[in-house]
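What follows draws every value from the coordinates through simple rules; no lab data is involved. Computed from a predicted structure; not experimentally measured. Note: ideal-geometry Cβ built from the backbone for every residue, glycine included; neighbour counts use all protein chains shown.
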Amino acid sequence: MTRLVRQSLVAYGAPLCETVADAPEPRGSNVLVRIERCGVCHSDVHVHDGYFRLGGDKQLDITKGRTLPFTLGHEIAGVVERAGPDAAGTKPGDKVAVYPWIGCGQCVPCRHGEENNCAASRHLGINLDGGYASHVLVPHPRYLIDYAPLSPSFAGALMCSGLTAYAALQRLVDRADRGPVLLIGLGGVGSMGFALARALFGAAPLVADIDAGKREAALAAGAAAAFDPADPGARKAVLSASNGGVYAVADFVGSESSLAFATGVLTRGGKVVVTGLLGGGFSTAVAMFPIKAMTIEGTLTGTLAQARDVIALARDGKVAPIPIRERPMRDAQSALDDLRAGRVTGRVVLTN
C-alpha cells in the first residue's frame, strides 16, 4: 500500500501533527493524486481556529461535520498516481491542478455549475481531507486541470487565490469601463487580483493596503495610485484620484474597516465585491443603499469553468506570477503561524 503522510489537525487551535496511514484506493471515478505543491491560504487559518470572527465577541463555529484528524489545504497541484476504472480521460503521470470546490452534484447551484456554492459541499481541505499531505483523493477527473507549462506552485495557488480574485473581478466587469477599479488588500488573493486586473481591465487599478511595502511593490508593478486606508486623508485622496468616487471595488480583506473604506469611496451606482474573510461587523444607514444606488456583494471562490479560465489566462502569459516562497510540508504549522501574524507577502507553498 502507498503511505499517506499528512500534517493533520488533531485539535482546533493546536499545532498540526504528522500522521501516517494507508492511502485510499481509488474506486469508480476517483483519482489518487500525489501532491507536489499545496498553497497556504487564510481559509486554512480559519479552519485551524475552528471559527470565523463575526464582530464583537461573536464567532461562527465551523467545527461541525469535520472528523479529526483532518487535513487542511486546497491549493493543490500534483501528479496522477492511480485512477479508478471509471476515471476516463486521465492516466498515471498526468500533471494536474486540482479544483477543490466540489459540490454534491444534485442541488440547484451544482446543476448550474456553481459547486462552490453547494450547501452540502465536499470541498477539499474544508469538508474533505486536503493538500497538507503526500496524496489526496479526488472524486472525479473533471476536477483535474492540465496546467503545463506553469509551475506547480503557481498552478496550485490559482485554484483558490487566483480563482477567488478572478470571480470577484468578473462581477465588476460592467463597472470597470467607467473608471479605475480599486483593490483593497494586497495579500495572497489581493496580489492575484492585481495581476488579473491588469489582464482583464484597460485601466491600471488603484490599490489600498496598510502595508507600505505592499503599496510600493504595487506602484512599481504599474498601479495607478496606492493609498493607506488607515490614513485619515485616504478617502479624500481616492475621491480626488477617481474624479469623485470609484464605480468598482474588490475588498480582499473583508473586515469592518476595509468595507467601511470601500463604501466610503464609492460614487453613485458603485459596487463592492467582498471576498475577504478577516471578519468583524459592518453597519451603514439603510437609506444609503438607494441614495448612492450602491451594491455590496459577496463571492465565495469560483466555479470550475472559471478555474479553467484562470489557468488559460496564466498559460497565455496574461497573469504575472505573484511572489511565492516554497517551504517543506513539515513546516505547515509555522507557515500558518506566519500567515496569521501577517508575515507573508504573496503566497507560501508547501512542497513534497
Here the net charge surrounding residue 80, from other residues whose Cβ is less than 10 Å away from its Cβ (Lys, Arg +1; Asp, Glu -1), is +2
Take every Cα pair under 8 Å in the chain that's 6+ residues apart, average their separations, divide by the length, and report that relative contact order as a whole percent. 19 percent
Scalar couplings 3J(HN,Hα) for segment 215-232 by Karplus 6.51 cos²θ - 1.76 cosθ + 1.60 (θ = phi - 60°), nearest whole Hz, x for Gly and Pro, are 5, 5, 5, 5, 5, 5, 8, x, 4, 5, 6, 10, 10, 9, x, 7, 6, x
Table column - 3J(HN,Hα) (Hz), segment 251-260, Karplus curve with 6.51, -1.76, 1.60, x for Gly and Pro: 9, 8, 9, x, 10, 4, 6, 5, 6, 4
Under a Cβ-Cβ cut-off of 11 Å, what is the net charge of the residues other than residue 218 that fall near it, where Lys and Arg count +1 and Asp and Glu count -1? 0
With springs only between Cα atoms under 10 Å, which of 187, 233, 264 fluctuates most in a Gaussian network model of the chain? 233
Amide H neighbours of residue 269 under 5 Å, at least 5 residues apart or on other chains, H built in the peptide plane: list them. 293, 294
At 222 nm, what helix-only mean residue ellipticity would the chain give, in deg cm²/dmol to the nearest 500, using -39500 (n - 2.57) for each DSSP H run of four or more? -7000 deg cm²/dmol
Can you list residues from other chains, or at least 5 along the same chain, whose modelled amide H is less than 5 Å from the amide H of residue 59? 54
Mind sorting 294, 1 by how few other Cβ atoms lie within 10 Å of their own Cβ, fewest first? 1, 294
For the table 58/292; 64/91; 91/318, the rows whose alpha-carbon distance is greater than 32 Å are 64/91
Reduced to Cα centres, the span from segment 139-192 to segment 1-55 in Å works out to 22 Å
FRET efficiency, residue 21 to residue 295 (Cβ-Cβ, R0 35 Å, nearest 0.05): 0.15
Row for segment 292-352, column shape: gyration tensor on C-alpha, a ≥ b ≥ c, rounded if a/c < 1.5 i.e. under 1.5, prolate if a/b over b/c, else oblate; value oblate
Provide the per-residue ³J(HN,Hα) series for segment 284-296, in order, calculated from phi with Karplus coefficients 6.51, -1.76, 1.60 and θ = phi - 60°, each as a whole number of Hz, with x at glycine and proline positions. 8, 5, 4, 4, 5, 5, x, 4, 8, 6, 9, 10, 10
Length gained, residue 178-residue 67, 0.36 nm per residue minus C-alpha separation, equals 35.1 nm
